[in-house]
Amino acid sequence: MPKKEQMKGPSWSFCCCSQCLLLSAVVNIGKNLLKWRHESDLRSQEFTEESTYGARSTHCALASKKCTVIGGSGFLGQHMVERLLERGYSVNVFDIRQGFENERVQFHIGDLCSKTDLLPALQGVNIVFHCASPAPFSNNKELFYRVNYTGTRTVIQACKEAGVQKLVLTSSASVVFEGKDIKDGTEDLPYAHNPIDYYTETKILQEKEVLGSNDPANNFMTVAIRPHGIFGPRDPQLVPIMVETAKSGKMKIMIGNGKNLVDFTYVENVVHGHILAAEYLQKDSPLCGKAYHITNDEPIPFWTFISRVLVGLNYDAPKYKIPYLLAYYLALFVSFLVLVVSPLITIKPTFTPMRVALAGTYHYYSCERAKKDMGYKPVVSLDKAIEKTVQSYPQLRRASQ
Ligand SMILES: NC(=O)C1=CN([C@@H]2O[C@H](COP(=O)(O)OP(=O)(O)OC[C@H]3O[C@@H](n4cnc5c(N)ncnc54)[C@H](O)[C@@H]3O)[C@@H](O)[C@H]2O)C=CC1
Ligand SMILES: CC(C)=CCC[C@@H](C)[C@H]1CC[C@H]2C3=C(CC[C@]12C)[C@@]1(C)CCC(=O)C[C@@H]1CC3
């Protein structure tokens, strides 16, 4: 609320008759009240932004900012675009496809592996968010290498050529995960020597390239955000895969003892982490050239999370348990069989060793560094996030029997 002394009194205009004087006074009081309401709205908007983004970014919220979201048609990308627009940014989307319609967004359709495609989307832009990647469960190794590694090198070159100052990469907490327990892992953990899959191998290469290109002396600053298990409305992956598995009757068995804690991160918290990073990324700031875990900061047993979402969508929670190692070696054996028959038939098994490792081990990460360096705090709690997500998928809800 504005202070009393900031409210100006009505201004009087001169006229000869008393009715005019009265009318003029009423009009002026009305005008001033409207002006006061507007100023008060702006101030309360500033207050909300300040409490969410910190004092430093209150200024950024009001300044005009131009950014490009590479991969802006995807799940995370779309949420990024929506929040950036709300924050007063002017937004370009660069993607191989147009995922939605929005007249406030300038779409540039192209492949990030092509500098010629990229450059027009980066003109006059000072921040680039790079959250494009092929889908993690694709088997196309060449595509992962081309897009995540060589494509990201092209993005860096194009940013430098276009005079972009800040590059915020969406990496993944899985860059340090080797299929073995990680409890409260910090960003100091070494990159995985044996990444769980080729997607992750190329996410490591990508992150190294982006962080290595940080060059504040030449006005080019980079940071990597490492989310884990992103979920939320319009996610095409996590919840739909769970429901598909439940529908096919394969979601009855828990892998391991059901106690392994994992991070699942609500998409709005991931977006919040990215925007904070962009706004706090300045010359001489500790963010330059560093990676940051962004999670919900509420690790939950993997199977509790799965059960809560499934029960919320009217499916049964898994009831039985299978020892972790037995499940892992079974999945390895299945992969071997799939490889043997692959010249004849293509089979996509549900339980791959990678999924078994993700479902049966501890993997949760500390976001202390993000809290300390950019004042990060999740904006949506896990309870609320699960509730919002379940409500957003009426089409995946099982009809009551
Ligand atoms: N979904 C998750 O649980 C996690 C995702 N991430 C990372 O977050 C980022 C976003 O993931 P999602 O939104 O889930 O994926 P998504 O598949 O929904 O979005 C990726 C977007 O990138 C675009 N894209 C792919 N190749 C491209 C190319 N050559 N040129 C231009 N655009 C291209 C796609 O068209 C798509 O719109 C990715 O970098 C992913 O590695 C990290 C941790 C967890
Ligand atoms: C056992 C079963 C069928 C569970 C269904 C849930 C899984 C689809 C998700 C559980 C953890 C998720 C996860 C990712 C994808 C979806 C899950 C496997 C990523 C591999 C997505 C890309 C990343 O960068 C890392 C994620 C780790 C967690």
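Laboratory data are not the source of any read-out in this text; all were calculated from the coordinates shown. Computed from a prediction, not measured in an experiment: that's the story for all the values here. Every residue, glycine as well, gets a Cβ built from its backbone with ideal geometry; the counts of neighbours run over all protein chains shown.
Here are the numbers for the structure shown:
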| read-out | value |
| --- | --- |
| Anisotropy class of segment 284-364 from Cα gyration tensor, a/c 1.5 cut | oblate |
| Karplus-derived HN-Hα couplings along segment 134-145 (A = 6.51, B = -1.76, C = 1.60, θ = phi - 60°), whole Hz, x at Gly and Pro | x, 4, x, 8, 5, 9, 7, 4, 4, 5, 4, 5 |
| Length added when fully stretched, Tyr145-Lys321, from 0.36 nm per residue minus Cα-Cα | 59.7 nm |
| Sum of side-chain charges, Ile241 neighbourhood, beta-carbon under 12 Å (Lys, Arg +1; Asp, Glu -1) | +2 |
| Pairwise centroid distance, computed over Cα atoms, of segment 151-210 with segment 223-269, Å | 21 Å |
| Separation in nanometres of the label points that stand 7 Å from Cα toward Cβ, at Glu368 and Gln157 | 4.1 nm |
| Mean Cβ neighbour count within 10 Å, used as a protection proxy, ranking 150-161, 262-273, 233-244, 196-207 highest first | 262-273, 196-207, 150-161, 233-244 |
| Segment 287-332: C-alpha gyration tensor shape, a/c 1.5 cut-off, then a/b vs b/c | oblate |
| Summed side-chain charge close to Asn126 - residues other than Asn126 whose Cβ falls under 11 Å, Lys, Arg +1, Asp, Glu -1 | +3 |
| Candidates per chymotrypsin sites (Phe, Trp or Tyr not before Pro) in segment 270-331, loop by DSSP, up to 10 other Cβ within 10 Å | none |
| Additional length obtainable on full extension of the chain from Thr186 to Glu86, 0.36 nm per residue less Cα span | 32.8 nm |
| Filtered trypsin sites (Lys or Arg not before Pro), segment 285-327: DSSP coil and at most 14 other beta carbons within 10 Å | Lys319 |
| Three-way shape call for segment 84-182 based on the alpha-carbon gyration tensor, with the a/c threshold at 1.5 | prolate |
| Environment charge at Arg308 (Cβ cut-off 10 Å; Lys +1, Arg +1, Asp -1, Glu -1) | -2 |
